[in-house]
Amino acid sequence: MNFLRNFMAGRYGPDQLNGALIIAALILSILSRFAVLWVLIYLSYVLLILAVFRMLSRNVQKRRAENDKFLRFWWPVRQKFKAYFSSLKSRKTHKFFKCPSCSNLLRVPRGKGKMQITCPKCGERFVRKT
């Protein structure tokens, strides 16, 4: 164990981009089994090699900058997925409306009849049936 600790000293190690590369490589390798496309197999190998290269790299600043670019792209996508799955969980008890003026997503309890909804972001008031 000490050998591995000494070997990885000064190297970048794993991060979110490496995790995404490995997951993409696994998905491509599974798809290549069904589609029997050699391009997918080679692309999955390239992604795995790139992930290992990034983990073992000593150029920490460049790898950190790459991960920051990835996170700037991935964070809004992740937030949209998170909001979508959260709304699916509470779909039975709440109804969701978009504010007509600022497009903010508002959550209102179901079964209350017609309600006047006030947007907390812009103060717009509108009436909807819940």
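The values are calculated or read from the model by the stated rules, or taken from the named source; none is laboratory data. Predicted model, so just to flag it, every value in this text is computed and none were measured. Cβ: placed from backbone, ideal geometry, glycine included. Neighbour counts: every protein chain shown.
If we scan the stretch 19-39, do we find a residue that is of a type in the set (S, T, N, Q) and at pLDDT 95 or above?
No, the conditions are met nowhere in the stretch 19-39.
In the stretch 87-105, how many are more than 22 Å from the chain's Cα centre (by Cα) and of a type in the set (A, V, I, L, M)?
0
Is there any pair linking a residue in the stretch 1-21 that is surrounded by 14 or more Cβ atoms within 10 Å (Cβ to Cβ) to one that is of a type in the set (Ser, Thr, Tyr), with Cβ under 9 Å and at least six apart or on different chains, and which?
Pairs that qualify, where the first residue is surrounded by 14 or more Cβ atoms within 10 Å (Cβ to Cβ) and the partner is of a type in the set (Ser, Thr, Tyr), are 11/57; 12/57; 18/12.
If I ask for residues that are under 24 Å from residue 79 (Cβ atoms) and either in a strand (DSSP E or B) or in contact (Cβ under 8 Å) with a residue 60 or more places away in the chain (or both), which ones from the stretch 93-117 would you list?
94, 95, 96, 97, 98, 105, 106, 107, 108, 109, 117, listed by residue number.
Quick check on this structure: which one of 44, 32 is more than 22 Å from the chain's Cα centre (by Cα), over 23 Å from residue 75 (Cα atoms) and surrounded by 15 or more Cβ atoms within 10 Å (Cβ to Cβ)?
Numbers: 44 fails: more than 22 Å from the chain's Cα centre (by Cα).
One residue alone meets the criteria, 32.
For residue 45, are the conditions met, namely being among the hydroxyl-bearing types (Ser, Thr, Tyr), outside any helix (DSSP H, G or I) and in contact (Cβ under 8 Å) with a residue 12 or more places away in the chain?
So residue 45 does not fit the description; no.
Could you say which residue among 58, 54, 63 is surrounded by fewer than 13 Cβ atoms within 10 Å (Cβ to Cβ) and of a type in the set (D, E, K, R)?
Step by step, each of 58, 54, 63 is checked, and only 58 is surrounded by fewer than 13 Cβ atoms within 10 Å (Cβ to Cβ) and of a type in the set (D, E, K, R).
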